[in-house]
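Okay, structure first, notes after.
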Amino acid sequence: MRDEIVAAVKAAGVVGAGGAGFPTHVKINAAVEFVIVNGAECEPLLRAHQHIMAAESTKMVLGLKTVMLATGAKRGYIGLKRKYEEATKNLQTAIKEIDDQEIELFFLPDIYPAGDEQVLVHEVTGRIVPEGGIPLHVGVVVANVETLINIADALKGQGVTDKYVTVGGAVAKPITLKVPIGMKVQELIALAGGALVNPYAIIDGGPMMGKLITSDAPVTKTTGGILVLPVDHSLITQKNTTWQMIANRAKAVCCNCLACTDVCPRHLLGHSLEPHRIMQAIGKGQIGESAIFSRALLCSECGACDTFGCSMGLSPRRVNAELKKQLGKAGIKNPHNNKPQQALSTRINRLIPTKRLTARLGIAQYDVKAPLSANEVIAKEVTLPLSQHIGAPALPIVKVGDIVKKGDLIGTIPEGAAVGANLHASISGEICRVDTRIGIRAV
């Protein structure tokens, strides 16, 4: 059974629908005790997952059951928040209809980052993923809500062609859309009634971990949200701050107050990451302190340290991210592999309430409903990057001038690649571009 499921998921080009886009056929080709659905959606302003759980509850439960069959898991947990009332009701009905005693809902606290894999695993199972480890190391596979929908479709031979995306922030009508992969972000903003400010900046993802993009960027398999904010918003200013400025501030301003470490989710789980010590080492110019700097490799870059912890405007998150890049270029891998047996006793008092985080970020005015649109979104042209996932880029199997139908295979995993994902046409039309991206124009 596992081989058939893995083959179907691989053929469909399913990858993690959020984060780095790890190919799902690799992830589920394992034996675990538990499968946990990540329905936390802990990033402020994002709404897609709660809408998917409400609108596609039966299909999502089917996807979960499929992953449980592939991995041999004895229990399946759907982690979500009680405030997702419609999703809760519909999921309870879906589970009852299939009379499955192995699947249950698990209600998470309304905190950030409840959706972090390691935080989620601990909340649901009480287990702590080792330093530098993944949930698999404690007998768990964590699956994204939308990934499970794509797995259910894969069983019917359907490739990944569409993406659920919340368009929010400073737009006229915040909305959640199901759109063809490859549509330009500016088209989604137009569907949300357009930007209310000008000039504006665009974040791909949530306000905490999202990246700045341009309006002509395409929607990918991992796009979860499009947030529009004024260019002078503090979040945008922070994301635009240069590394040199970040480093200079760290050297000159950090007072080692421990606030960043006190709220670090990894530290609170018992990991040896202490952001303030890394900042201290930079301030003292202790470049040779590899034992300190290498702990940056334990950082998830969730941003709790700089957006909620530090009151001085510093960014331990950006410091850790830069150190991870430099260590990677130097060929230095994570040397830390402690296995904490319990979380810190202070953890319960250090959790970050989502509402307080939203207010601290200065985005409370944008914290409104973004209803799921029932209208089909038609794209006249799409641009599909060959690399929308971890691993080797897809290998094009089409050429300019070819006519394709939605769902046709247009890119395959290169022979010999350890990790990769297939690519499918998200609309019907004529191939108009083949390079690092494949363009399709409706005809």
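Just so you know, all these numbers are worked out from the coordinates, no wet-lab data involved. Keep in mind the model is a prediction, meaning the values are calculated, not measured. As a convention, Cβ positions derive from the backbone with ideal geometry for all residues, glycine included, and neighbour counts pool all protein chains shown.
What length, rounded to one decimal in nm, is gained on full extension from residue 325 through to residue 198, with 0.36 nm per residue of separation minus their alpha-carbon distance?
Values: separation 127, 0.36 × 127 = 45.72 nm, distance 3.39 nm.
The span from residue 325 to residue 198 would gain 42.3 nm if fully extended.
For residue 412, which sequence-distant residues (separation of 5 or more, or a different chain) have an amide H within less than 5 Å of its own amide H, given hydrogens modelled in the peptide plane?
Those qualifying (amide H under 5 Å, at least 5 residues apart or on another chain) are 395, 397, 423.
Taking 0.36 nm per residue of separation and subtracting the Cα-Cα distance, what length does fully extending residue 234 through residue 99 add?
43.7 nm
Using the Karplus curve 6.51 cos²θ - 1.76 cosθ + 1.60 with θ = phi - 60°, work out ³J(HN,Hα) for each residue of segment 219-229 in order, rounded to whole Hz, and write x for Gly and Pro.
5, 10, 5, 10, 5, x, x, 10, 10, 9, 9
Checking the a/c ratio against 1.5 first, then a/b against b/c, what shape does the Cα gyration tensor give for segment 2-154?
Working: a/c = 1.35, a/b = 1.09, b/c = 1.24.
Rounded is the answer for segment 2-154, as its axis ratio a/c remains below 1.5.
Pop out the ³J(HN,Hα) list for segment 434-442 in order, Karplus 6.51 cos²θ - 1.76 cosθ + 1.60 with θ = phi - 60°, rounded to Hz; leave Gly and Pro as x.
Karplus values, whole Hz, x for Gly and Pro: 9, 8, 7, 9, 10, x, 10, 10, 4.
So for each of 34-41, 306-313 I average, over its residues, the number of other beta carbons within 10 Å; can you give me the resulting order with the highest mean first?
34-41, 306-313
Using a basic spin-label model with each label point 7 Å from the Cα along Cα→Cβ, how many nm lie between residue 257 and residue 214?
Once both label points are built, they end up 3.9 nm from each other.
Tell me, what HN-Hα J-couplings in whole Hz come from the Karplus equation 6.51 cos²θ - 1.76 cosθ + 1.60 at θ = phi - 60° for each residue of segment 27-42, using x for Gly and Pro?
5, 8, 8, 7, 10, 9, 8, 10, 10, 10, 8, 8, x, 5, 6, 7
Answer with a single label: of (1) 33, 29, 19; (2) 33, 26, 23; (3) 37, 29, 21, which was calculated as semi-axes √(5λ) of the Cα gyration tensor in Å from the structure in view?
Recomputing semi-axes √(5λ) of the Cα gyration tensor in Å here picks out (2).
Using alpha-carbon positions, what is the distance between the centroids of segment 181-253 and segment 1-45, in Å?
Cα centres, segment 181-253 to segment 1-45: 27 Å.
Long-range amide H contacts for residue 115: which residues qualify at under 5 Å (H placed 1.01 Å from N, peptide plane, sequence gap of 5 or more or a different chain)?
HN-HN under 5 Å from residue 115: 42.
Between residue 415 and residue 332, what length comes free when the chain is fully extended (0.36 nm per residue of separation minus the Cα-Cα distance, one decimal in nm)?
Going from the current span to full extension adds 27.0 nm.
Per-residue counts of other Cβ atoms within 10 Å, averaged by peptide: what ranking do you get for 375-382, 213-220, highest first?
Ranked by mean Cβ neighbours within 10 Å, highest first: 213-220, 375-382.
Mind jotting down the distance between the C-alpha centroids of segment 117-147 and segment 55-77, whole Å?
The distance from the Cα centre of segment 55-77 to that of segment 117-147 comes to 16 Å.
Which far-off residues, 5 or more places away or on another chain, put their amide H under 5 Å from the one on residue 407, with H placed in the peptide plane?
Correct list: 425, 426, 427.
Per DSSP H run of at least 4 residues, take -39500 (n - 2.57); add these up for the chain, divide by its residues and hand me the 222 nm value, nearest 500 deg cm²/dmol.
Calculated at 222 nm, the ellipticity per residue is -9000 deg cm²/dmol.
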